[in-house]
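The values are calculated or read from the model by the stated rules, or taken from the named source; none is laboratory data. Quantities reported herein were computed from a predicted structural model and do not represent experimental measurements. Neighbour counts are summed over all protein chains in view; Cβ atoms, including those assigned to glycine, are modelled from backbone coordinates with ideal geometry. Side chains included, ligands, DNA and RNA excluded: accessible areas come from the protein's heavy atoms. Shrake-Rupley method; radii C 1.70, N 1.55, O 1.52, S 1.80 Å.
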Amino acid sequence: MIHDFVASWSLFRDSYLAGWLLALLLPMLGVLVVARDQIFVGAAVSQASLLGIASALRAAAWLSLAGVTWLDGDLVVSVSAGAFAILAALATAGGAGRGDSHESITGFVFLVSSSAAVLLMAHSPHGMEEINRLLSSTLIGATPVDVGVFALLLTLTAVTLALRGAELVLVVMDHEMAEAVGVRVDLWNGVLAVWLGLVVGLSNRVAGAIFTFGCLVLPALAARSFCREVRAMLWVAPVASLATAGVAFVVAHDLDFPPGQTTAFAQCMLLVAAWAARFVRARRGGA
Amino acid sequence: MSTADERATARPPHASDHSAAGLPHLAGDDGVLLRATDLRLAYGAREILHGATLEVRRGEFWFLLGGNGSGKTTFLRALLGIVKPRAGRLWLSPELRGREGIGFVPQHSEINASLPTTIREFVSLGLVGLRVPRSERGARVTRAIERVGLGALAGRDYWALSGGQRQRALVARGLVREPLLLILDEPMNHLDPDAEESLLGDLVALNRRDGLALLLVTHDVAMAERHATHVATFSRGNVTTRAVDPAGGAA
């Protein structure tokens, strides 16, 4: 099994590397999302990036009729995916508390993005195919540029967490206390929203919605059950995610399964194991 | 003053500030940690406090009394630098090192109850924003936990604690900054009488034994009369202050 996987390395190297980098990067942000108990934000932002991709494809199709062809490029689609995801993350971060709950804003973003993306592509067979491909998640097609971008994002995220991890944990755990000790909570909330939108948007463009949402929240949820402290979750979640994705990619290659779904399913099983471990621990503690 | 003038400077207070304030204990400036003079606080167009004046010194135990919406919490938020004064002066002693020498204990913790955390981690979050060497951090956390009597439970799950123990952990999180002034916003809320009495005993000990100045918001007038050195009463946007005779009654 491993031998076959190694033999396929030259063919799928960029896909594997992009997937593993994302498997490390997404859970780092996912811990902060889970700490706030705002898990559905990941799905809403992911769907918003899908709307960004659909908008870029639709705009490119309209403009190509007028002879404008430069919009029909991968960069424009990626920028649009990131921009829509950032806007959605900012809307979910800032929209709550003004008469609507956080959940209602997030639900609205999810539904309007999902429906509008399909409507925009409804009469475009090629575009609809692209939307379905992203919805079902595939890592095939990642480029060396994608690998470089994700490596950069991972490095920046890891360095920020290493240097300002305690501050960020306090902001997401207890914003009143954070304000009281002089932390600029609004600034951090804005930075986190933009960063989450950027990472999820670009990840969704390359790896699709299921892989992105799965890697964002499932390892963090599992780490929540395994760990005794939040700061431990910040490194346990990425390590668990990478290990799961590593095994899932090998298994997917061997069984000819799509790696995105295989990874998400493996991470679901990891979460079930974490819940079981927590249950056993609680029983022992209570005995 | 017509404009907001919140300053945390080394400027010594002027005698004229005292006479205008009409405060107790105006013999000198020794030990003054903060002085609010005619502080006006507002949220947008709505003015919450029309001119709060009080002075807190080392070792004093202030109780802030008043009904809901009377501006007590807003006043605390101004002391913490979260709310900017619309007018008036807020002077902080250089001993407070900006606001590093102020500890804060909120009513309750906002932490998502599904998150794992130990008492040590919870208390260590109080160090955020301080430049404390890594080697010193652990010792500070241990000291703070021991000061509130939770030393034996330091490694325990925060969520396994009783309500009273959680409140003590909140106090420890404020104490880990090793403050000269500890601000507490209704820390006894939601506690049963035994836990309330126990926590209050700890706070009195911190005040009397360690000389820590305390500023505590409560609705409990009887408690204030028993333990306060000073009382500030908030009503309809106005604040009146008085010293309390340790033998009972106003000084």
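Points to keep in mind about this one:
- FRET E, pair B:Val132, B:His219, Förster distance 25 Å, beta-carbon r, rounded to 0.05: 0.10
- Dipole magnitude of the protein assembly as shown about its Cα centre (Cβ charges: Lys, Arg +1; Asp, Glu -1), debye to nearest 20: 760 debye
- Solvent exposure, largest accessible area first (probe 1.4 Å, DNA, RNA and ligands not counted), of B:Trp91, A:Trp235, A:Trp275, A:Trp20: A:Trp235, A:Trp275, A:Trp20, B:Trp91
- Within the range B:59-211: Cβ-based charge dipole about Cα centre, in debye rounded to nearest 20 (Lys, Arg +1; Asp, Glu -1): 740 debye
- Fluctuation leader among B:Glu225, B:Glu197, B:Glu110 - chain B, Gaussian network, Cα springs under 10 angstrom: B:Glu110
- Cα centroid separation - the range A:1-76 against the range B:38-96, whole Å: 50 Å
- For the protein assembly as shown, the share of accessible area belonging to carbon and sulfur comes to 61 percent (1.4 Å probe, ligands and nucleic acids excluded).
- Chain A: most fluctuating residue of A:Gln267, A:Gln47, A:Gln38 per GNM, C-alpha cutoff 10 Å: A:Gln38
- Taking every protein chain into account, the 1.4 Å probe leaves B:Ser135 with about 110 Å² of accessible area, to the nearest ten.
- Compared with the dominant Cα axis of chain B, that is its longest principal axis, helix B:134-147 is turned about 80°.
- Counted over the protein assembly as shown, the DSSP beta bridges are approximately 50% antiparallel.
- Maximal additional length on extending the A:Arg164-A:Val191 stretch stands at 8.4 nm, based on 0.36 nm per residue less the C-alpha distance.
- Computed with a 1.4 angstrom probe on protein heavy atoms, the B-A interface buries about 2300 square angstrom of accessible area in total.
- About the Cα centre, charge dipole magnitude for chain A (Lys/Arg +1, Asp/Glu -1 at Cβ), debye: 700 debye
- Minimum 10 Å² accessible area buried by the other protein chains, the range B:37-85 residues, probe 1.4 Å, relative to alone: B:Arg77, B:Leu80, B:Ile82
- Rounded, prolate or oblate (a/c below 1.5 giving rounded, otherwise prolate when a/b exceeds b/c) for the range A:2-279 by Cα gyration tensor: oblate
- Mean ellipticity per residue at 222 nm, deg cm²/dmol - from DSSP H runs of n ≥ 4 across chain A, formula -39500 (n - 2.57): -29000 deg cm²/dmol
- Chain-alone versus full-assembly comparison, the range A:5-36, residues with accessible loss of at least 20 Å² (1.4 Å probe): A:Ala35
- Computed over chain B, the per-residue total of -39500 (n - 2.57) for DSSP H runs of n ≥ 4 gives a 222 nm mean residue ellipticity of -8500 deg cm²/dmol, rounded to 500.
- Percentage, to the nearest whole number, of Cα pairs in chain B over 31 Å apart: 23 percent
- The simple Förster model, with R0 at 41 Å and r as the Cβ-Cβ distance, assigns B:Ser198 and A:Met269 a FRET efficiency of 0.35.
- Taken along the Cα-to-beta-carbon direction at a fixed 7 Å, the label points for A:Asp4 and A:Leu119 span 4.5 nm.
- Euclidean distance between Cα centres, the range A:229-287 to the range A:111-126, Å: 33 Å
- In the range A:162-187, the residues that give up 30 Å² or more of accessible area when the other protein chains are added, compared with the chain on its own (1.4 Å probe), are A:Leu170, A:Met173, A:Asp174, A:Glu176, A:Met177, A:Glu179, A:Ala180, A:Val181.
- Computed from the C-beta positions of A:Ser64 and A:Ala277, the FRET efficiency with R₀ = 35 Å rounds to 0.05.
- Rounded to the nearest 10 degrees, the angle from helix B:163-175 to the longest Cα principal axis of chain B is 60 degrees.
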